[in-house]
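Everything below concerns the one structure shown next.
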Amino acid sequence: MHAISDLAHSHGALCMIDSVSGLAGAELRFDEWKLDYVLTGSQKSFALPSGLAFAVASEEMVELAKKAENRGVYFDIVEMDKYAQQNQTPATPAFSLMYALEAQLEWIAREGIEKRWARHLEMLTATSAWLEDSASRLGITWENIVAAGNRSPTVSTVRLPESIPGRAFVQKVKTRGIQVATGYGKLGDTTFRIGHMGDHTVETLRNCFAACEQAVRD
Ligand SMILES: *Cc1c(COP(=O)(O)O)cnc(C)c1O
């Protein structure tokens, strides 16, 4: 990550990260990696209801934003920063979700962020191993569309064999009480996604693996 932000900075650019699915599951070191902006949402690795977005901006980014003309009202980081300094928000936030966040942050602190990162990596490893084992058992080919080494610790996108359409597969898995997602956009019918994030563990993931295997056999 340091290499990417160094490259951005050497060209006079900022390094801004969409970590919507990553933050609180995948390792992220804002200061050490010299990032300028990281954005996330409550509904992914925080395992909270949707409705909150969190972001952090470097001092350089806030300073640059101050110089931007017509930067608008919505998501004005200068305004947000001003209020954040006083532990406030520019408008009334969704308090019920903030209480949920407070409780979840206590759980995250209790687990320890590094252990949480490690747990997510374990879930990725278990998912990759299961895909390989189950493929030979089921007599099919399916694999993460991303090469080993570049995979997300929080979500796996799995390419399905042509004989298994993605949307129908997701429906079949759902009848077993497990929600996997169809692929994103163009990948809708050729892949499906397993969100191994948040409060899941390798043990709870096993239920998902079993449901997916059953859906292939159906
Ligand atoms: C889920 C996700 C999004 C979309 O988030 P919304 O809150 O649904 O807009 C964007 N980027 C990444 C990396 C995501 O995982």
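Some points to look at:
- Filter result (part of a loop (DSSP other than H, G, I, E, B) and either within 20 Å of PRO153 (Cα to Cα) or within 16 Å of the ligand (Cβ to nearest atom) (or both)) within the range 48-71: LEU48, PRO49, SER50, GLY51, LEU52
- Residue pairs meeting the criteria (Cβ under 7 Å; at least 6 apart or on separate chains; first closer than 9 Å to ALA215 by Cα, in the range 157-175; second at pLDDT below 95): LYS172/ASP218
- Residue check for PHE192: within 16 Å of the chain's Cα centre (by Cα) and either under 21 Å from SER45 (Cα atoms) or in contact (Cβ under 8 Å) with a residue 24 or more places away in the chain (or both): yes
- Residue in the range 128-136 that is without any contact (Cβ under 8 Å) to a residue 40 or more places away in the chain, surrounded by 12 or more Cβ atoms within 10 Å (Cβ to Cβ), in contact with a strand residue (DSSP E or B) (Cβ under 9 Å, 6 or more places away or on another chain) and within 24 Å of ARG29 (Cα to Cα) present: no
- Only one of ASN144, ASN150 that is surrounded by fewer than 16 Cβ atoms within 10 Å (Cβ to Cβ) and within 29 Å of ALA24 (Cα to Cα): ASN150
So that you can scan it fast, the table gives a plain yes or no per residue for (1) surrounded by fewer than 17 Cβ atoms within 10 Å (Cβ to Cβ); (2) outside any helix (DSSP H, G or I); (3) at pLDDT below 95:
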residue: ASP6; (1), (2), (3): yes, no, no
residue: LEU23; (1), (2), (3): no, yes, no
residue: LEU28; (1), (2), (3): no, yes, no
residue: GLU32; (1), (2), (3): yes, yes, no
residue: THR40; (1), (2), (3): no, yes, no
residue: PHE46; (1), (2), (3): no, yes, no
residue: TYR74; (1), (2), (3): yes, yes, yes
residue: THR92; (1), (2), (3): yes, yes, yes
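- Residue list for the range 102-151, filter: of a type in the set (A, V, I, L, M, F, W, C), more than 20 Å from THR201 (Cβ to Cβ) and within 16 Å of the ligand (Cβ to nearest atom): ILE145, VAL146
- The listed residues are GLN86, GLN43, and the only one of them that is touching a Ser or Thr at 6+ places or on another chain (Cβ under 7 Å) and either assigned by TED's automatic domain parsing to the domain that holds CYS208 or of a type outside the set (A, V, I, L, M, F, W, C) (or both) turns out to be GLN43.
- Within the range 152-165, the set of residues being in contact with a strand residue (DSSP E or B) (Cβ under 6 Å, 6 or more places away or on another chain) and closer than 21 Å to HIS200 by Cβ comprises VAL155, SER156, THR157, VAL158.
The values are calculated or read from the model by the stated rules, or taken from the named source; none is laboratory data. Worth saying up front: this structure is predicted, and the values here are computed from it rather than measured. Cβ: placed from backbone, ideal geometry, glycine included. Neighbour counts: every protein chain shown.
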